[in-house]
Amino acid sequence: MTAANGREKEKRLVARVKPEIHQRIAEAAELQGSTVSQFLLDSALERAAEVTERATRITTSREAFENMMAALDQPARPLPRLRKAARRYKETVDATDQERAT
C-alpha cells in the first residue's frame with residue numbers, strides 16, 4: 001500500500017474557531033500531553049459514544065420492565081381480522097399459482 005492510498009481512506013475534519021477557543025483547547029491538550037488534533041478526536045469520540053448510548057438505550061423502571069416481560073410471556077391472543085386477511089392472501093396466491101400452472 002502506498003502512502004497516497006492510505007491517505008485516501010482517511011477523512012479530514014476541519015473546524016474554524018475563535019483564537020480564544022483554540023487557545024483553551026490547546027492548553028487542555030497540552031495538560032493532557034496530547035496534540036490538539038488528538039485531543040479533539042478523543043473528545044469527539046467520547047461525546048459520540050455518549051450521544052449514541054443515550055439515543056439507542058431504553059431506560060425504564062424495574063416495574064415497567066417486569067410488566068413488559070410478563071406481557072411478552074403471555075400467549076398471543078387471537079386476532080380474527082389478521083387470520084381472515086392471511087387466509088384471503090393465501091387464497092389469492094394459490095389462485096395466481098394455479099392460473100400460471102395452466
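With angles folded into 0 to 90 degrees, how steeply does helix 36-56 sit against the dominant principal axis of the chain? Use alpha carbons for both and round to 10.
Its long axis makes an angle of about 20 degrees.
Round to the nearest 10 and give me the degree value, 0 to 90, for the angle of helix 19-32's Cα axis relative to the longest principal axis of the chain.
90 degrees
Go from 0 up to the bin containing the longest alpha carbon distance in region 30-89, width 10 Å each, and give me the % of pairs per bin.
16, 18, 18, 18, 14, 9, 6, 0
Between the helical axis of 80-101 and the dominant principal axis of the chain, each derived from Cα atoms, what acute angle in degrees is found, rounded to the nearest 10?
Helix 80-101 and the main axis of the chain meet at about 80 degrees.
Ignoring solvent entirely, what values of log10 I(q)/I(0) come out of the Debye formula for the chain at 0.13, 0.20, 0.21 Å⁻¹ when each Cα is a single scatterer?
After summing over all Cα pairs, the log10 values are -0.79, -1.14, -1.16.
Could you pull out the trypsin sites (Lys or Arg not before Pro) across region 49-102 that fall in loop regions by DSSP (anything but H, G, I, E, B) with no more than 12 other Cβ atoms inside 10 Å?
Taking region 49-102 and a limit of 12 other Cβ atoms within 10 Å, the loop trypsin sites (Lys or Arg not before Pro) found are ARG57.
Quick note: the coordinates plus some simple rules give every number you see, no bench work behind them. Note that the structure is a prediction, hence the values are computed from the model and not measured. Please note: Cβ atoms are built from the backbone with ideal geometry, for glycine as well, and neighbour counts cover all protein chains shown.
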